[in-house]
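This report concerns only the one structure given below.
The values are calculated or read from the model by the stated rules, or taken from the named source; none is laboratory data. What you see is a predicted model, and the numbers here were worked out from it, not measured in a lab. All Cβ positions, glycine included, derive from the backbone under ideal geometry; neighbour counts span all protein chains shown. SASA here: full protein model, heavy atoms, side chains in, ligands and nucleic acids out. Shrake-Rupley method; radii C 1.70, N 1.55, O 1.52, S 1.80 Å.
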Amino acid sequence: MPMHYGDLLRLNEHFKQAIVCFERLIELNKPYTGLQHRLAVSYHGIGRDRAAARCFEAALSTPDRDNQITHWEYSHVLLAQGQMRAG
């Protein structure tokens, strides 16, 4: 899969700008595999854990070969929220 500009922003921890890119793709109805996961990581990066949790749950509701990574990242959000059992 080619890397999207939002991915580059996210990987360089420019989470707010990455969120703008990812949300725009959703608005344009141009999602790609892993978009919800990447958006969730970006939301978590700026402390918006509720939004991150919703995106992780959306990512986990679709068949994706990278779900193990999504579960791992989601567990970090849950643990940060104090949800030890769920995390």
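Which trypsin sites (Lys or Arg not before Pro) in the stretch 1-84 pass both tests, a DSSP loop state and at most 15 other beta-carbon atoms within 10 Å? All intermediate terms of the calculation are to be shown ahead of the outcome.
On the way: sites: 10, 16, 24, 38, 48, 50, 54, 65; in loops: 48, 65.
Qualifying residues, ordered by number: 65.
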If each of residue 54 and residue 69 carries a label point 7 Å out from its Cα toward its Cβ, how far apart are those two points in nm? 2.4
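Counting helices only, and only those DSSP H runs with n ≥ 4, report the 222 nm mean residue ellipticity of the chain as the sum of -39,500 (n - 2.57) divided by its residues, in deg cm²/dmol to the nearest 500.
Working: 5 runs with 57 residues, N = 87.
Using -39500 (n - 2.57) per qualifying helix, the result is -20000 deg cm²/dmol.
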Hey, any idea what the orientation-averaged projected area of the convex hull of the chain's Cα atoms comes to, in nm²? 5.4
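If I compute solvent accessible area with a 1.4 Å probe over the protein chains, what percent of it on the chain is carbon and sulfur?
Details: 3030 of 5770 Å².
Solvent-exposed carbon and sulfur of the chain make up 52 percent of the total.
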